[in-house]
Amino acid sequence: MESFDPAWVALRLSLKVACWATLIDVVFGVALGYLLARKRFPGRELLDAVLTLPMVMPPTVLGYYMLVIIGRNGIIGAWLQQHFGINLIFTWQAAVIAAAVVAFPLVLKGARAAFEAIDTQFEQAARVLGVSPFGVFLRVTLPLAWRGVLGGTLLAFARSMGEFGATLMVAGSIPGKTQTLSIAVYEAVQAGQDDHANLLVIITSVVCVTVLVAANKLTPNRNPQA
Amino acid sequence: MESFDPAWVALRLSLKVACWATLIDVVFGVALGYLLARKRFPGRELLDAVLTLPMVMPPTVLGYYMLVIIGRNGIIGAWLQQHFGINLIFTWQAAVIAAAVVAFPLVLKGARAAFEAIDTQFEQAARVLGVSPFGVFLRVTLPLAWRGVLGGTLLAFARSMGEFGATLMVAGSIPGKTQTLSIAVYEAVQAGQDDHANLLVIITSVVCVTVLVAANKLTPNRNPQA
Amino acid sequence: ADITVSAAASLTNAFKEIGTAFEKEHAGDKVQFNFAASDPLVQQISKGAPVDVFASADQDAMDKADNLKLLAPGTRKNFASNSLVLIAPQGGKVPVKSLADVTQPAVARITIGNPASVPVGRYTKAALENAKLWASVEPKLILGTSVRQCLDYVARGEVDAGFVYATDAAIVKDKVTVVATVPTETPVTYPIAVIAAGPQAAAGRKFADYVQSPAGQAILAKYGFGRP
Amino acid sequence: MSTQFKVDIHKTLRSGERVFQLQASFESSSQRVVVYGSSGAGKSQMMKAVAGLTTPDSGRIELAGRCLYDSAGGVNLPAQQRKVAYLFQDYALFPHLNVRQNIGFGLQRGWRNPLARVDGEAIRYWMEAFELDHVAHQYPHQLSGGQRQRVALARALAPQPAALLLDEPFAALDPALRDRMRAELGALQRRLEIPMLMITHDPEDVRAFGDHVLRMENGSIFRVEENAA
Amino acid sequence: MSTQFKVDIHKTLRSGERVFQLQASFESSSQRVVVYGSSGAGKSQMMKAVAGLTTPDSGRIELAGRCLYDSAGGVNLPAQQRKVAYLFQDYALFPHLNVRQNIGFGLQRGWRNPLARVDGEAIRYWMEAFELDHVAHQYPHQLSGGQRQRVALARALAPQPAALLLDEPFAALDPALRDRMRAELGALQRRLEIPMLMITHDPEDVRAFGDHVLRMENGSIFRVEENAA
Ligand SMILES: Nc1ncnc2c1ncn2[C@@H]1O[C@H](COP(=O)(O)OP(=O)(O)OP(=O)(O)O)[C@@H](O)[C@H]1O
Ligand SMILES: Nc1ncnc2c1ncn2[C@@H]1O[C@H](COP(=O)(O)OP(=O)(O)OP(=O)(O)O)[C@@H](O)[C@H]1O
Ligand code: MOO
Ligand SMILES: [Mg+2]
Ligand SMILES: [Mg+2]
């Protein structure tokens, strides 16, 4: 099947982009989710809502605004260009940024809900035992919130794999360089190549189902009360 | 501002579509999330992963497949046409279906994680007190899972408001009839009408932030352990 | 060198073949394509996307690029033409025989590209206005955001008629009937230009020239494009 | 008096390599049966099986003539139909409901929880009897250990159950309060004339409620002392 | 002996209209202090303040000469620096860790939890002393009530604390086991020579550990009996 080889390249790129984007989202999403769940400060719910906005915007529109920001004349783009000579537009890193922004609310909400569900008594017990606040977070809070965080993370991964609107805008659709699997699917549908599109959809589905099932199986419920 | 009036119409349509889609997702997402969290059956994780696939697909592609299914000549579409004279394509109901499909995994995952985090002892206590299984679900399980379900629901609402790829495909973009706010934003950006696009983006943001903040404030944490 | 070409989506199939042919003739050069709708392509280039050649589906988009001073002076050329056609689903229940039929009440839904953002929509609107049909067609319109979406609607029989490019109709010959070629006021011509700030502008020139060479033109003709 | 308890169950609990064999068998015509035995002997597990919260691997459970479980006959009444008051050793109070609502939980049928200001004779009665009036609207996390235990007991007793299964009901209370509650519970049991099974480590409880005393050790009921009934 | 405990704190707990005033003040030069008092008197709340789990509204807490809290001086040592063993009345065992890991939790510094097969002298010692060997790899939800209480006690004692704060440490145990554990705890306290504050309802505990006995009622320390120390 001649269409298989480029599909393989696109798949590898998609996985790379989705993994990086998910990683970034987990780091920031878990931190901010914890903040929103545990700290009381004015504008807390507002911050939550604002951070959810990437969900509300059509990805293409988001992509347009991202182009404005990280483009050569954009605030961040110009700075990167000037100090590091980096141009992000049309690179796979831009695709990572796009996917990370679009998928961010998923990790955030999952983590926040999971942290809110934990009985704070367990954290108190850990503190009295002399464990530092960060240790308590890593050894008690996070493991107990694990299923919720994982749920959000898997959604973010899935969303990153499926992202194409914002990605197309900032990373373009260059085969072998920035053309992810979902952009390839989109283009195949646009070009009327239904067979090719179906093939790509099947590849995407199989890969994602495998990843999702594996992730769920490999990380058992660490809150074994049932 | 001449562009305000159609924006108002589009906003009302978007809210109607998002509310219906969210409602549908909550009913099915909570039921299936409960099933996945509590019942052990072969293929459980597979079902979970398959139900997450709408996240992985580019919405446009999803829209394409939905056209194949609910279109005038589609499997379900033809049947509806023949037996009820209903044509879904290019109606706001089609937009609801599109948004509901795209946002479904959000409620599902949020609900599943929330149900998994509950200590089953509370449900046992309710059962011994003579409450029927459905009563236990409504009176104990759901209230305890509430924050997680709410998180997923708000994400689904946001996603429904932002959906345009699949909606565009099955609902068309008929101003006043099926042109939602996010389709309008998309088209304004495509057409290079930046001012109009910015206005619409601001409207969308303000409305969504208001809805999200209100939802969070009006539904306090019903698991008051902190 | 690696040449990056941003081209209108409707050129996808033809340009991919031209790219392969070009690479065969110019050993050492590689062509990377970035296909999308014409307007976003201009936005990307203006925000610093490293593009060497831009091929647009209409003059409007190229004019925008020109106004933004993105083009290498003197490189803008028309390289292909297309024609606007009225299509109907094959075996459709509503017979559409001529352009005038679009006013019939039986023809309930007609799809065109959104004139605000899709070039083919702009051509269609102008042509229908010219033929004094716009007013009666307007209430029936389903606006697509790409020509491909319009084509899908017709191919699947969701609408009774639609306006697309001849090249698009050719992709799904077995599902749609070309009812009529619609005369357009301004000819549907595709301009190409080299981007001034392109990292491989020199090689880009070679590619732009190749598109206009007999070899390139032959491939375009194969996909239904006319001479400029 | 007729047979009040007839329990003969077997269940294997596994956790990794460790295997715990529950093999509880006793019969009693006393309405007040007390179980004691060392920690981890299987008392709570046996009681859970009687309440229908776990299903034995095999055996038979009869309470005041009603057959609740019979592996041979394929009988396994679901917990909500066994009509027993079950006091969880760790209370299991509903964290989202206040004291009133917790006590009223089993009194209200249907799909809605009692309102935060729920009232009623039974609720008032138990709140007074167990000295909980002043914490009526507090949530479980705002209660002291002994208050929690009393709420859990009131919640279990309020719906007029057909049998009482109490897992260390007074463990968290001070001696004076224990005495008062013992009297209250004893009166209730005499009034309703229902079988009562109590797990306890307190000799006072044995004295007050041990018409029939069972000792459990390592999963089995070891010694049976029938007191003067 | 020098002053071991010096507590003088005030805290107002509110829940709706109900107000609970905690006004605990006592001083003791005994290392073994026992607190008793009726349910809801404020014993656990006072102990939580000493452990640093809640912050009083005002006052001062000193333990064996160390000042842990002083509202006037702006001192408020965080819980993890107070180095006290705190036994939660409802245990608060980590549900995601097995018995070994729970006991080893405070022994391991840093950001990782002990492995499921964690071992070490202290863990072995406490598992044997509290008769937990056979449930070493079980998780809290697989333990009996008394096993949970023993794990919680072992977890609190293992990291060699500078003071013991124990909230009804033996409530869920049978009398024989209580005796053995009392002996074990008494020996530990004598070995380490650290102050110990125990809440209990058991007269035996008062006898064994009540060098100094406090009675708490309605938020205040009412009567102070200094036994022969
Ligand atoms: N889910 C489980 N899996 C495996 N073993 C279990 C499980 N639950 C309890 N056990 C074991 O079963 C035994 C009996 O437990 P049970 O709770 O019945 O003890 P008990 O007699 O109530 O003790 P206590 O007086 O301490 O509450 C214990 O040794 C416990 O470790
Ligand atoms: N978070 C809270 N908000 C309001 N009141 C509370 C809160 N926590 C506890 N209380 C109240 O404070 C009082 C003292 O509680 P505490 O837990 O100290 O009692 P205790 O002496 O330990 O009783 P017990 O022997 O029953 O455990 C109780 O009346 C309780 O209702
Ligand atoms: O530029 Mo296009 O191919 O008409 O959308
Ligand atoms: Mg027990
Ligand atoms: Mg207490």
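The values are calculated or read from the model by the stated rules, or taken from the named source; none is laboratory data. Here the structure is a predicted model, which is why all the values come from computation and not from measurement. Reconstructed Cβ throughout: ideal geometry from the backbone, glycine too, with neighbour counts over all protein chains shown. Ligands, DNA and RNA are stripped out before the accessible areas are found, and what is left, the full protein with its side chains, is counted by its heavy atoms. Shrake-Rupley method; radii C 1.70, N 1.55, O 1.52, S 1.80 Å.
Values for this structure:
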read-out	value
Straight-distance crosslink candidates among lysines, where the alpha carbon sits under 17 Å from B:Lys39 and sequence neighbours closer than 8 are dropped	A:Lys217, B:Lys109
Computed E for A:Lys16/A:Val206 - FRET, C-beta separation, R0 22 angstrom, nearest 0.05	0.75
Accessible area of the range B:45-185 divided out per residue, in Å², using a probe of 1.4 angstrom	26
Across the identical copies, how the A:Phe41 labels are spaced - nm, sorted shortest first, 7 Å along Cα→Cβ	4.6
Identity and axial distance of the chain B residue whose Cβ lies nearest the axis relating B to A, Å	B:Ala117, 2
The range A:109-149 residues near the modelled A:Ile76 label - backbone nitrogen below 20 Å, point 7 Å along Cα→Cβ	A:109
Radius ratio Rg over Rh of chain A, counting only Cα atoms, Kirkwood formula for Rh	1.04
Inter-site label distance for D:His10 and E:Arg180 at 7 Å from Cα along Cβ, in nm	2.9
Label-point separation in nm, D:Arg191 to B:Lys177, each point 7 Å along Cα→Cβ	7.1
Ellipsoid equivalent to the range D:107-229 - semi-axes via the Cα gyration tensor, in Å	29, 16, 14
Rotation relating D and E, chain E residue nearest the axis via C-beta, angstrom	E:Ala171, 2
Whole-number D in µm² s⁻¹ for chain D, Kirkwood Cα-pair radius fed into Stokes-Einstein, 4 °C, 1.567 mPa s	71
Rounded tilt (10° steps) of C:201-212 against the dominant C-alpha axis of chain C	40
Extension gain from C:Ala100 to C:Ala126, taking 0.36 nm per residue of separation minus the Cα-Cα distance	7.8 nm
Cα pair distances in chain C, grouped into 10 Å bins until the bin that holds the longest one, percent each	8, 34, 31, 18, 8, 1
Net lengthening on full extension, E:Asn76/E:Glu27 (0.36 nm per residue, minus Cα-Cα)	15.7 nm
Karplus-derived 3J(HN,Hα), 6.51/-1.76/1.60, for each residue of the range C:148-164, Hz, glycine and proline x	5, 5, 4, 4, 4, 4, 5, 4, 8, x, 6, 10, 8, 7, x, 10, 9
Within the range D:33-115, chymotrypsin sites (Phe, Trp or Tyr not before Pro) in DSSP loop having at most 15 other beta-carbon neighbours inside 10 Å	D:Trp111
At 7 Å out from Cα toward Cβ: E:Ser58 inter-copy label distances (nm, ascending)	7.1
Eligible lysines near C:Lys97 by straight Cα distance, threshold 24 Å, same-chain separation 8 or greater	C:Lys125, C:Lys132, C:Lys140, C:Lys173, C:Lys175
Cα point-scatterer Debye curve for the range A:10-63, base-10 log of I(q)/I(0) at q = 0.17 Å⁻¹	-0.72
Proportion of all alpha-carbon pairs of the protein assembly as shown beyond 50 Å (%)	40
Nearest 10 degrees, 0 to 90: helix E:145-157 Cα axis against chain E principal axis	70
Cross-link table E:Lys11/E:Lys48; D:Lys6/D:Lys48; C:Lys30/C:Lys64; C:Lys77/C:Lys206, entries beyond 20 Å C-alpha to C-alpha	C:Lys30/C:Lys64
FRET E, pair C:Asn67, C:Lys222, Förster distance 45 Å, beta-carbon r, rounded to 0.05	0.85
Cα shape, the range E:102-177, gyration tensor, a/c 1.5 rule	oblate
For E:Gly120, label point 7 Å along C-beta direction: distances to other copies, nm	5.2
Measure of compaction for the range C:83-152 (Cα Rg per 2.2 N^0.38 Å)	1.03
Inter-site label distance for C:Glu17 and B:Leu23 at 7 Å from Cα along Cβ, in nm	5.2
Cβ-defined net charge surrounding D:Leu177, 11 Å radius [Lys, Arg +1; Asp, Glu -1]	0
Rg ratio (alpha-carbon, reference 2.2 N^0.38 Å) - the range C:111-179	1.02
Using a Förster distance of 45 Å, the FRET efficiency for C:Leu133-B:Val50 (Cβ separation, nearest 0.05)	0.40
Interchain or long-range residues, amide H under 5 Å from C:Val176's placed H	C:Gln90
With Cα atoms, 0 to 90° folded angle of helix A:146-162 axis to chain A main axis	10
Ellipsoid equivalent to the range E:1-55 - semi-axes via the Cα gyration tensor, in Å	24, 12, 9
Rg and Dmax of the range B:127-226, Cα atoms only, in Å	19.6, 65
The range D:4-95 - Rg over Rh from alpha carbon coordinates, Kirkwood radius	0.96
